[in-house]
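Some notes on the structure that comes next.
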Amino acid sequence: MIRGEDHLSNTPKHILLFRALGHPEPRFAHLPLILNPDRTKMSKRKSQTAVSDYIAEGFIREALVNYLALLGWATGTEEEILSIEEIIERFDLTEVHKGGAIFDRERLEWLNGQWIRRLGPDDLVDRLRPFVAAELAAGRIDWMPPDAELRALLPIIMERLPTLGAIGDLVGFLWVRDLPAEPGLLVPKRWDAATTREALAAAREVIADTGAVSFEADELEPPLRGLAEARGWKAGDLFMAIRVAVTGRTATPPLFDTLVALGRERTLERLDRAAAILEEGSVIR
């Protein structure tokens, strides 16, 4: 019988109960407790302990099993990514550490990301679909993208997903009709509103001309870098203005891949809308 070390003190009573009831005594093993980062005991009242809650956030089962197995136990090597079959084969109760294990959510997210990237494309799309549907049900996006679109996004989002539930924060802007934005967010730190408006108008013209031939990431980047150089702007400032204009965010997947995912017409529409926001100095909703 394997249980937590907080039951050590009542083990003699349990042995007596087994004997009194005429049942054979089990062999007891007591594991160290899982601790919060402040080294206090994890508890249902103060800590997130239900596995179902982590699954609801988008932690996948393979990662949860892998992480929990490594809490207080190690393989004796540098290996950290272990399938359940490998854990079953290699686990040895005698190698469990005697001290309590710290539950590190950041480490769990890292491990979860590793497992997400090991999933096949069809499997990952199947697992992402309920989380995208939840974004739609919550009103954070306006339509449900088809599986083919989700699959096409995998190359630019797989490396950036700590959990499946992060899909909305990462690329939810692709599936909204009206993109809220604030003038202050649109303007890069080194620029003013007038410069940003001028840059967005110039970028729109470049994107429109380029996209008429081929709307691909490697076709969009060179002319936009050329625009920044010709106007004496830092490319990072121009790209940030474009990024916020078309996504409403300062952090997204790679800009040019994002533009391609958004599509030529919606990219141009959002650039026009951002310029209008700067012109009016207020948010258009």
- Item | the chain - percent relative contact order, Cα under 8 Å, separation 6 or more | 16 percent
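Can you tell me what percent of all Cα-Cα pairs in the stretch 1-82 are more than 21 Å apart? Each step should come with its number before you reach the end.
Details: 1674 of 3321 pairs.
Summing the P(r) of the stretch 1-82 above 21 Å gives 50 percent of all pairs.
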- Message: Which aspartates and glutamates, if any, have their Cα less than 16 Å from the Cα of Lys234, not counting same-chain residues under 8 positions apart?
- Response: Asp192, Glu198, Glu221
- Query: Å³ per residue of the Cα convex hull, for the stretch 151-206?
  - Reply: 155 Å³
- Accessible area per residue, 1.4 Å probe, Å², for the chain: what's the number? 56 Å²
- Message: Which one, Gly99, Val132, Ala274, is farthest towards the positive end of the dipole of the chain when Lys and Arg carry +1 and Asp and Glu -1 on their Cβ?
- Response: Gly99
- Percentage relative contact order, the stretch 1-125, counting C-alpha pairs under 8 Å, at least six apart: 28 percent
- Item | Compactness of the stretch 61-214, expressed as Rg and Dmax over alpha-carbon positions, Å | 21.9, 68
- Hull-based mean projected area of the chain, where the convex hull spans the alpha carbons, in square nanometres: 20.8 nm²
- Query: Once phi is turned into θ = phi - 60°, what whole-Hz ³J(HN,Hα) does the Karplus curve with 6.51, -1.76 and 1.60 give for every residue of the stretch 201-206, x standing for Gly and Pro?
  - Reply: 5, 5, 5, 4, 5, 5
- Query: In the chain, what percent of the accessible surface is made up of carbon and sulfur (1.4 Å probe, ligands and nucleic acids excluded)?
  - Reply: 53 percent
- Message: I want to verify the translational diffusion coefficient of the stretch 207-285 in µm²/s; compute it with Stokes-Einstein, Rh as the Kirkwood radius over Cα pairs, at 25 °C and 0.890 mPa s.
- Response: 189 µm²/s
- Item | For the stretch 224-285 and the stretch 15-71, distance of Cα centres in Å | 49 Å
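Below 12 angstrom from the Cβ of Ala74, what's the summed charge of the other residues (Lys, Arg +1; Asp, Glu -1)? Walk me through the numbers before you get to the answer.
On the way: positive: Arg90; negative: Glu78, Glu79, Glu80, Asp92, Glu95.
Counting the neighbours of Ala74, the net charge comes to -4.
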- Would you tally the net charge around Trp191, using a Cβ to Cβ cut-off of less than 11 Å, leaving Trp191 out, and scoring K and R as +1, D and E as -1? +1
- Item | Candidate lysines for bridging to Lys41, where Cα separation is under 18 Å - those fewer than 8 sequence places away on the same chain excluded | Lys98
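Considering Cα pairs under 8 angstrom that are at least six residues apart, work out the relative contact order of the stretch 51-200 and quote it in whole percent.
25 percent
The values are calculated or read from the model by the stated rules, or taken from the named source; none is laboratory data. Source: prediction; values computed, not measured. Glycine gets a Cβ as well: all are built from the backbone with ideal geometry, and neighbour counts include every protein chain shown. Note: areas computed on protein heavy atoms with side chains; ligands, DNA, RNA excluded. Shrake-Rupley method; radii C 1.70, N 1.55, O 1.52, S 1.80 Å.
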